[in-house]
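Enquirer: Pasting a structure here, questions to come.
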Amino acid sequence: MKNTKEKILLAASKLFLKGGISALSVRAIARESNLSTIGIYSHFNGKQGILDALYIEGFTRFQHAVDVPINSENPKESIMLATQGYIKTAVKYRGHYLLIFGESVADYCPSDEAKQSSVQAFLQTTKIIETILPKGASFEQKRNTTLQVWSIVHGYMGLMHHAIAEEIDNAHWEGLILDTVSLHIDALLKLNQHD
């Protein structure tokens, strides 16, 4: 059986997915989770606390999705596995994805703890991506390469969550993303061989 916090976050995620930030009132979350508004406040201190919890949970899920074994013999394989994990998580937890990457929330500013969860997810991604860079690559090179790959995947995911996505099967989107990341990694590997 789900504990109370899980019920609240599940309800909030469902509401967010259906109606964005405007759907996330404490009353609506209480109704969706079959709990009292007092219960919501006691666990999360209101809407800000719930948004922080969803934000942290979202980035934690993405961090775990890209936490794959590093194959030093074939680093591209690790990156492709991490990309697949990212895609699957973005599809399965679409509400979280839209909150942390897509939905602008005017009256929400992530707490320091929430911001730290995004940093941890980025560092985990960098750990995988840097395996294709030469030894001694600078932090800036690692960061920029990670941003390149992340931008490719994020760009496709943004399109996938757009109205145009109804015209294209999810499996096709995943193939497009993986093909593009593969081409980019191959280009980076070739470029780094000449350095």
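Quick note: the coordinates plus some simple rules give every number you see, no bench work behind them. Predicted, not measured: the structure shown is a model, and the values here were computed from it. All Cβ positions, even for glycine, are placed from backbone atoms using ideal geometry, and neighbour counts span all protein chains on display.
Enquirer: Modelled label-to-label distance, Val119 and Arg143, 7 Å Cα→beta-carbon offset: nm?
Expert: Rounded to a tenth, the inter-label distance reads 1.2 nm.
Enquirer: Cβ under 13 Å from Ile70's Cβ, Ile70 left aside: what net charge do those residues give with Lys, Arg +1 and Asp, Glu -1?
Expert: Local charge sum for Ile70: -2.
Enquirer: Please get the size of the charge dipole for the chain, origin at its Cα centre, with Cβ charges of +1 on Lys and Arg and -1 on Asp and Glu, quoted in debye to the nearest 20.
Expert: 640
Enquirer: Still on this structure: If you build the Cα gyration tensor of the range 1-55 and take the root of 5 times each eigenvalue, what three semi-axes come out, in whole angstrom, biggest first?
Expert: 15, 12, 11
Enquirer: Quick check: the distance between the Cα centres of the range 132-146 and the range 46-115, to the nearest angstrom?
Expert: First find each Cα centre; the distance between them is then 22 Å.
Enquirer: Between Glu77 and Ser111, how high is the FRET efficiency from 1/(1 + (r/R0)^6) when r is the Cβ-Cβ distance and R₀ = 30 Å? Nearest 0.05.
Expert: The calculated FRET efficiency here is 0.25.
Enquirer: If you don't mind, there's one more thing I want to ask. Among Asp52, Asp179, Asp112, which one shows the highest mean-square fluctuation when the chain is modelled as a Gaussian network with alpha-carbon springs under 10 Å?
Expert: With Cα springs under 10 Å in the chain, the top fluctuation among Asp52, Asp179, Asp112 is at Asp112.
Enquirer: Quote to one decimal, in nm, the extra length available between Lys88 and Leu159 on full extension: 0.36 nm per residue of separation minus the C-alpha distance between them.
Expert: Stretched out fully, the Lys88 to Leu159 stretch lengthens by 24.0 nm.
Enquirer: In addition: Output the 0 to 90 degree angle, nearest 10, between the alpha-carbon long axis of helix 112-129 and the longest principal axis computed from the alpha carbons of the chain.
Expert: For 112-129 against the chain, the angle is about 30 degrees.
Enquirer: Let me make sure I get this right: for the chain, a, b and c are the square roots of the gyration tensor eigenvalues over alpha carbons, sorted descending. Under 1.5 in a/c it's rounded, otherwise prolate if a/b > b/c, else oblate. Which is it?
Expert: In terms of gyration-tensor shape, prolate.
Enquirer: Between 0 and 90 degrees, rounded to the nearest ten: what's the tilt of helix 75-92 against the longest Cα principal axis of the chain?
Expert: It works out to around 20 degrees.
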